[in-house]
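Rule-based calculations on the coordinates, nothing more; no lab input. For clarity, every value in this text was computed on a predicted model and none was experimentally measured. Here the Cβ positions follow ideal geometry from the backbone for every residue, glycine too, while neighbour counts run over all protein chains shown.
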Amino acid sequence: MRIASWGHAAFAATMIGIGVLGLVNGEFTPTWSGVPKGVPMREALAYLCAAVSLVCGLGLLWRRTSLVASRVLLAYLLAWLLLVRLSHFFLEPTALDTWWASGDTAVMVAAAWVLYAWFASAPDDRYVGLASGERGVRIARAFFGVALIPFGVAHFINLNGTALLVPGWLPWHLSWAYFTGGAFVAAGVAVLMGVYGRLAATLAAWQVGLFTLLVWAPVVLKGPNAFQWIEFVDSVALTAAAWVVADSYRGTPWFAMGKVGVPLLSTQAAR
């Protein structure tokens, strides 16, 4: 097996789970949502997305297939972002779901790109170019930073809805909605500017993970409706993807500012 980091293992396991879920239900999972109902062969596309998730998730765990799996997953996610998610900006440019869904897929792209950059940086690999190495990791982080900003903006646009999600045992629900929204925006800007990037990415990953644990996990245990189940699965996927991006900073000083070298320690650890 080839495990570059704990985030890598969690992301691969999540993709496997998403694939199995899609194949069992025969429907689009949250990661692959957004396809209009009138699209020809829509059901077949749903099964294809599930198969890609499952096969690539398994492939990410094995040394001989990890590079190919990360390359295929990255290409598929980029195509989904460009052809499905961004197309909604022409149909519903002001809709909250349009911005949130695009950010959602951008986070998944970032994670896949980090993994591809790691695996393609091995000395014996002949596919080294724009998408690999330090440059590839920087591009992946840019996707992640851009994605975090609409997450935060969505909190402000839907303050009351966000406040309702805050666990009942916590006080000041509206204040938490403001705080988490501001934290996402600040983290996105910090990652893009390279100011305390490691700290920002790690805290953002923790925030998404805490949403999964404190908000959606208790709902699932009580028996979720369709919307709540979708949000839980989506939150798990985003947590794993954010974890991968945070892992890409391993070895970087927590309070580093500006452009610093990208340590590809995970590739070396996996070999």
What is the Cα centroid distance between region 72-102 and region 165-220, reported in whole angstrom?
23
Positive-end residue, the chain charge dipole about Cα centroid, Cβ charges, pick of HIS155, VAL189, VAL233:
VAL189
Please identify the chymotrypsin sites (Phe, Trp or Tyr not before Pro) of region 1-103 that satisfy two criteria: DSSP loop assignment and at most 14 other Cβ atoms within 10 Å. Which are they?
TRP62
I'd like the FRET efficiency for TRP229 and LEU170, computed as 1/(1 + (r/R0)^6) with the beta carbon distance as r and R0 of 25 Å, rounded to 0.05.
0.60
Length-normalised contact order for the chain - Cα pairs under 8 Å, 6+ apart - percent:
21
Suppose every K and R has +1 on its Cβ and every D and E has -1 on its Cβ; what is the size of the dipole of the chain about the Cα centre, in Debye to the nearest 20?
700
Can you tell me the length gained on complete extension of the stretch TYR178 to ASP97, counting 0.36 nm per residue apart and subtracting the Cα distance?
27.3 nm
Treat each spin label as a single point 7 Å out from the Cα along the C-beta direction, and report the TRP206 to VAL189 distance in nm.
2.1
